[in-house]
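Report on the structure given below.
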Amino acid sequence: MENHSGEIPIFDRLGLLETVGGDEAILEDLVRLFLDDMPGEIGLFMGAIERGDLTEAKGLAHKLKGACRNMRAFAIGEVFFRFEEVIKSGNTNGIDELIPQVENGFMEFQRAFSALD
């Protein structure tokens, strides 16, 4: 998942393209669906965090981590992985630091995809 410099890539377009058998149209459709769905899913997740519903937040973090990784949106997937780990640990002190990373990670993915158009 890390690139040669040790950084987690924002979007592995070539990996996703390989997953869809090299079909550019499918790749574009999948990414557009992902971009359309993610704000609502992130909203549900942030709502659970704000309410202090850690059971729901952990489940949503797991779901979002998987969705991001499947889309090869590795950087934001890593943020949801960290959320999941913090919640599992029972020590939620680090949650506040992760919250802005969700929005930033999603915006980075949007920019990375848009730059490829």
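Taken together, the values in this text are just the output of simple stated rules run on the coordinates, not laboratory data. All values reported here derive from a predicted model rather than from experimental measurement. Every residue, glycine as well, gets a Cβ built from its backbone with ideal geometry; the counts of neighbours run over all protein chains shown.
Quick notes on this one:
- Likely footprinting exposure, THR92, THR55, fewest C-beta neighbours within 10 Å first: THR55, THR92
- Taking a span of 24 Å or more along the helix axis (Cα atoms) and a mean Kyte-Doolittle hydropathy of at least 0.0 as the rule, the DSSP H helices of the chain that qualify are 24-51, 95-116.
- Think of each Lys and Arg Cβ as +1 and each Asp and Glu Cβ as -1; about the Cα centre, that makes the dipole of the chain roughly 300 debye.
- Estimated from the Cβ-Cβ distance and a Förster radius of 25 angstrom, the FRET efficiency linking GLU7 and MET107 is about 0.90.
- Look at the dipole of the chain built from charges on Cβ: of ALA115, VAL31, ILE42, the Cα furthest out on the positive end belongs to ILE42.
- Measuring max minus min along each principal axis, the C-alpha atoms of the chain give extents of 42, 31, 21 Å (largest first).
- Sorted ascending by nearby beta carbons within 10 Å, beginning with the fewest, LEU64, LEU27, LEU54 become LEU54, LEU27, LEU64.
- Helical mean residue ellipticity (222 nm; -39500 (n - 2.57) per DSSP H run of 4+; nearest 500) of the chain: -26000 deg cm²/dmol
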